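One structure is given below, encoded as structure tokens.
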Amino acid sequence: MSSSEPPASSISPGSPGDAWPRRILVVARWYPSHDDPGSGSFVSDEVVALRAAGIDVVVASWENADLRAREGDTDSVRGLALEAWARAVVEPAAVSTPSAWGAGVPVARIPAVHPGGRLPARAAIEAHAALLVPFAIALAARWPFDMVHAHVGIPDGAAAALVATALGVPLVVTEHASSASGALEEQEEARRAY
């Protein structure tokens, strides 16, 4: 098995008598990375616990890819960037298993392509879903998973909901953001997405 392929499960999905689910796609912005190994350590801890319970996990996390374009050119630059990244995230090499950080499971660091700064809820969801959805559909063709578990409702959970709907799998969202209730009170767009 190459380091870019998720592990073959030792358990057949849906085998009689087995607990379900056996394969989970974890979606989390906050997850350890090479340049920030402490980020999202609580998500990594949960992944370790899932693995200890015999559940196979692949993590999809994001790296911000802030656009730099001349004024008025952002949309065309974003389109070109998404087109190029869409070809890359569907390949098996989009997943690697880091040994120096995280939970020792396969991780895909997916670009969230946007103009930078704080985005309104809908724009943040679209930026995160744009490459998560094609990544997850391609992953499911190689490594069928039983459910999606997103950490944080917006944008992670809302983007993951598009994956769950496209693939017909259940979605669980764990909210960690202490600012979520305030954002939901203040932003109509966030409430609708949530």
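Just so it is clear, none of the values below were taken in a lab; they were calculated from the coordinates. What you see is a predicted model; the values in this text were computed from it and never measured. We place every Cβ from the backbone using ideal geometry, glycine too, and count neighbours over all the protein chains shown.
What to note about this one:
- The label-point distance for residue 45 and residue 166, in a model that sets each label 7 Å from Cα toward Cβ, rounds to 3.2 nm.
- FRET efficiency for residue 142 and residue 68, using Cβ-Cβ distance with R0 set to 45 Å, rounded to 0.05: 0.85
- Applying the Karplus relation 6.51 cos²θ - 1.76 cosθ + 1.60 with θ = phi - 60° to the range 134-146 yields 3J(HN,Hα) values of x, 4, 5, 5, 5, 4, 4, 5, 8, 9, x, 10, 8 Hz, where x marks Gly and Pro.
- Peptide packing for 81-92, 159-170 was compared via the average number of neighbouring C-beta atoms within 10 Å per residue; ordered from the highest value, the list is 159-170, 81-92.
- Nonlocal amide H pairs with residue 149, under 5 Å, H built at 1.01 Å: 25, 26, 27, 172
- Calculated on the alpha-carbon coordinates, the convex hull of the range 36-149 measures out at 122 cubic angstrom per residue.
- Put simply, the amide H of residue 112, placed in the peptide plane, has neighbours under 5 Å in 63, 64, 65, leaving out anything fewer than 5 places away on its chain.
- Neighbourhood net charge (12 Å Cβ-Cβ; Lys/Arg +1, Asp/Glu -1) for residue 171: -2
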